[in-house]
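Trainee: What follows is a single structure, and I will ask about it in a moment.
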Amino acid sequence: MGILYTDDPDFVFHLSLALARGHQTLWCDSGGAQVCCRSHGNWIGSAGCHNGGMNNQTYSPLAGLPLLRRGMRTRRASSYDRTGGNNDFVRVESRATHALADLSGAGVIRHIWITLACDDPMIRRNAVLRCWWDGEEHPSVEAPLGDFFGQGWGEKYLWASLPLAAAPLGGNALNCWFAMPFGSGARVEIENQSDSPITNLYYYVDYEEHQNGLDADTGRFHAWWNRAMPGPQAAQGDRENEWETLGVQPKNPADTHNHVLVHAKGRGHYVGVNYFVDSPTPLWYGEGDDMFLIDGEPWPGSLHGTGTEDYFCSSWCPKEIYAHPYFGYARVNNETGFLGRTHCYRFHLEDPIVFDTSLRASIEHGHANSLTLDLCTVAYWYQTEPHLPFAPILPREQRQPMPPILPTDIHRWRDAFRREQGGGPVWGNEPLPDSTRLK
C-alpha cells in the first residue's frame, strides 16, 4: 500500500495500491484525472485524484484497471494434461517433491491456486511448500501447505481474506494473491512428506514476465512457519496463572520467552501473520502482548501491544467467526471457555511494519508467558536478500497437532481437585488453600 502527499497544500492526493509492490515511481495528471504508478515502465496500479483535499478523492484499487500495460507478458505454470486430455493433475509420490513452477528471468508471481486429493487426512500439515528467488541457497518460503494458505492443524475449512483464501468446496481450494517478485528466476515446489501419495495435485501459478526487470528496491516475499509449545515461563515458575486465578500475576519486562513470529535481518517490511492457537485450558489464551523490536532496539520496542485480540483488531476475548479483508477469526473453538483451537489472522496491507536492518516480532503465550499453548504461526514479509536462513522445519512427527481435550480428561481434572479438597460433596468452585496462592 502507498500513501503520498504533495508539498502543495492546494493539491493533495492519496494513492491506494492493491498490494505492496516495493519501490515505485509515481506521476500524477495534475488535472485531477488519474494518479499512476509505474516501475521501470511497468504498470503497477493507480487511483483517481482531485484538487482541493481528501474529501472529494477517488479511492479505489479498481481505478487503474483501464490502463494498458507494457513491457510484460502474462504466463501460467499449471498441472494441465499435456496430451490434451482431462487428467489435469500430477501425482506426487510419498517422500517426493514436485516443482509447481521453475521460472527464469524477471517477473512477479501474482496468484497461486492449489487443490489436492490424498488418503492422508493430515496432508495439509504433512506437505511442505517452499519458494526460492533468484537462485538463492535457502528458501524464502517454507511452511506446511495448509498453514501457509491459512488452514491450521491439517484441517479443511472455508475462510477469506484479501491476500489468502480457502474456497469451496469445503475449503479444498487454496488461493494466494501475495505478490512474489523475482529478478532472475523463481522456483515453487511441494514436498510430500506423507506416507501416502498425493494422487491428484491440481495447481495454477499465474505470473508475469517483466522485460525491463524489476526496480532495485523491490523486496522479495518471505513466509516462515514456527511452532512452539513451552510450558509456563513466567517469573512465578511452573504455575499457569492467568487472570490472577492463582494469585497476583507476574510482570514481563522482556521478550525473551515470547513466541517468535519473525526474526529477520536486512531491509524490508512485515505484512502479516496467520496465528493458530490450541489451548489446553478454558482460560482466555489471549492476554499475551505483541512486541516488535525494530533495527536492534531494546525492549519495549517501537510497537508494543496490549493483548492478543487487540493485535488482531478485535476486543474483549472474542469467540466468533469474523472475516475482514485485513483481519479476523477464521476458526474458533466450540468447547468450554477457550479450550481448543482458534485461528486468527492480521494482514498489515495498509500499515506494513518497516525495518532497515532487522526485525524481531513476537507475542507472549498468555500474560507474561504464563500459559502452556500450542502455537503455530506463519508470518509474511518482504525484504532484501540475502535473508537470515530459517531454522530447519520440524520433522513431520513433530508437526502433528495435539489431541483434543475430552470430557473424560476434564473429569480427571475434577477428580484431582476433589482429592486436593479432601473429597466429599465438592462442587468444583471452592477456593484453593491459601498456601497454594501466588503472592
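FYI, it's all coordinate maths here, none of it is from the lab. Note that this is a predicted model, so its numbers are computed, not measured. Counting neighbours? That spans all protein chains shown, and the Cβs are built from the backbone with ideal geometry, glycine included.
Trainee: How large is the convex hull of the C-alpha atoms of the stretch 119-207 per residue, in Å³? Let's see the in-between values first.
Mentor: On the way: hull volume 9.1 nm³, N = 89.
Taking only Cα atoms, the stretch 119-207 has a hull volume of 103 Å³ per residue.
Trainee: May I pose another question? Just to check, using Stokes-Einstein with a Kirkwood Rh over alpha carbon pairs, what's the diffusion coefficient of the stretch 115-270 at 20 °C and 1.002 mPa s in µm²/s? Intermediate values should be presented prior to the final figure.
Mentor: Working: Rh = 18.7 Å.
For the chosen part, D equals 115 µm²/s.
Trainee: Return the sequence-ordered ³J(HN,Hα) values of the stretch 226-239 in whole Hz as given by the Karplus equation 6.51 cos²θ - 1.76 cosθ + 1.60 applied to θ = phi - 60°, using x for Gly and Pro.
Mentor: 9, 10, 8, 9, x, x, x, 10, 7, 5, 8, x, 7, 10
Trainee: From the alpha carbon gyration tensor of the chain, can you work out the equivalent ellipsoid semi-axes (sqrt of 5 times each eigenvalue) and give them in Å, largest to smallest? Show your work: numbers first, answer last.
Mentor: Values: eigenvalues 352, 164, 72 Å².
Computed over the chain, the values are 42, 29, 19 Å.
Trainee: Give the aspartates and glutamates reachable from LYS156 as a straight Cα distance under 12 Å; neighbours fewer than 8 places away on the same chain don't count.
Mentor: Output for LYS156: ASP147.
Trainee: Here's a follow-up. Tell me, how many Å apart are the Cα centres for the stretch 117-187 and for the stretch 392-439?
Mentor: The two parts, judged by their Cα centres, are 36 Å apart.
Trainee: Let me ask something else. For the stretch 272-292 and the stretch 208-239, what is the separation of their Cα centres, given in Å?
Mentor: 17 Å
Trainee: Please list 3J(HN,Hα) in residue order for the stretch 376-381, calculated via the Karplus relation 6.51 cos²θ - 1.76 cosθ + 1.60 where θ = phi - 60°; whole Hz, with x for glycine and proline.
Mentor: So the Karplus estimates, Gly and Pro as x, are 10, 9, 10, 9, 10, 7 Hz.
Trainee: Going by alpha carbons, how many degrees (0 to 90, nearest 10) lie between the helix axis of 407-420 and the longest principal axis of the chain?
Mentor: 40 degrees
Trainee: Suppose every Lys and Arg Cβ carries +1 and every Asp and Glu Cβ carries -1, with no other charges. What dipole size does the chain come out with about its Cα centre, to the nearest 20 debye? Please list the in-between numbers first.
Mentor: Values: 35 positive and 51 negative charges, 170 e Å.
Computed charge dipole of the chain: roughly 820 debye.
Trainee: Which residue, chosen from ASN126, ALA143, PRO407, occupies the Cα position most advanced towards the positive end of the dipole of the chain, where the dipole is computed from +1 (Lys, Arg) and -1 (Asp, Glu) charges on Cβ about the Cα centre?
Mentor: ASN126
Trainee: Please work out the Kirkwood hydrodynamic radius for the stretch 177-267, using every pair of different C-alpha atoms, and report it in angstroms with one decimal place. Don't jump to the answer; show the numbers that get you there.
Mentor: On the way: mean 1/r = 0.0525 Å⁻¹.
Value: 19.0 Å, from the Cα pair sum.
Trainee: By what distance, in whole Å, do the Cα atoms of the stretch 310-439 stretch along each of the three principal axes, largest value first?
Mentor: Cα spread of the stretch 310-439 along its principal axes, largest to smallest: 65, 35, 33 Å.
Trainee: Less than 20 Å apart at the alpha-carbon level, and either on another chain or at least 8 residues along: which lysines does that give for LYS251?
Mentor: Of all the lysines, those that pass the test against LYS251 - Cα under 20 Å, at least 8 places apart if same chain - are LYS439.
Trainee: Could I ask something else about it? Using all C-alpha to C-alpha distances in the stretch 238-399, build P(r) with 5 Å bins and read off the rounded percent in each one.
Mentor: Once binned at 5 Å, the Cα pair distances of the stretch 238-399 give 2, 9, 17, 21, 20, 16, 10, 4, 1, 0.
Trainee: Amide H to amide H under 5 Å from LEU438: which residues, 5+ apart in sequence or cross-chain, H placed 1.01 Å off N in plane?
Mentor: Long-range HN contacts for LEU438: GLY247, VAL248.
Trainee: Something else about it: Could you give me the ³J(HN,Hα) list for the stretch 177-188, computed from phi with Karplus coefficients 6.51, -1.76, 1.60 and θ = phi - 60°, whole Hz, x at Gly and Pro?
Mentor: 10, 4, 5, 10, x, 8, x, 9, x, 8, 9, 10
Trainee: While we're on this one: What are the extents of the Cα atoms of the stretch 378-421 along their three principal axes, in Å, largest first?
Mentor: 59, 22, 15
Trainee: Over all directions, the average projected area of the alpha-carbon convex hull for the stretch 183-234 comes to how many nm²? Mind showing how you got there, number by number?
Mentor: On the way: hull surface 32.1 nm².
The number I arrive at for the stretch 183-234 is 8.0 nm².
Trainee: Right, here's the next one. Taking only DSSP H segments of four or more residues, each worth -39500 (n - 2.57), what value at 222 nm results for the chain once the sum is divided by all its residues, to the nearest 500 deg cm²/dmol? Walk me through the intermediate numbers first.
Mentor: Working: 4 runs with 27 residues, N = 439.
Mean residue ellipticity, 222 nm, calculated: -1500 deg cm²/dmol.
Trainee: Projected onto the charge dipole of the chain (+1 at Lys/Arg Cβ, -1 at Asp/Glu Cβ, origin at the Cα centre), which of SER104, PRO395, ALA323 gives the Cα projection farthest towards the positive end?
Mentor: The listed residue farthest towards the positive side: SER104.
Trainee: Oh, and also: How many percent of all Cα-Cα pairs in the stretch 59-160 sit more than 21 Å apart? Intermediate results must be reported in sequence, preceding the final value.
Mentor: Numbers: 2707 of 5151 pairs.
In whole percent, the share of Cα-Cα pairs in the stretch 59-160 beyond 21 Å is 53.
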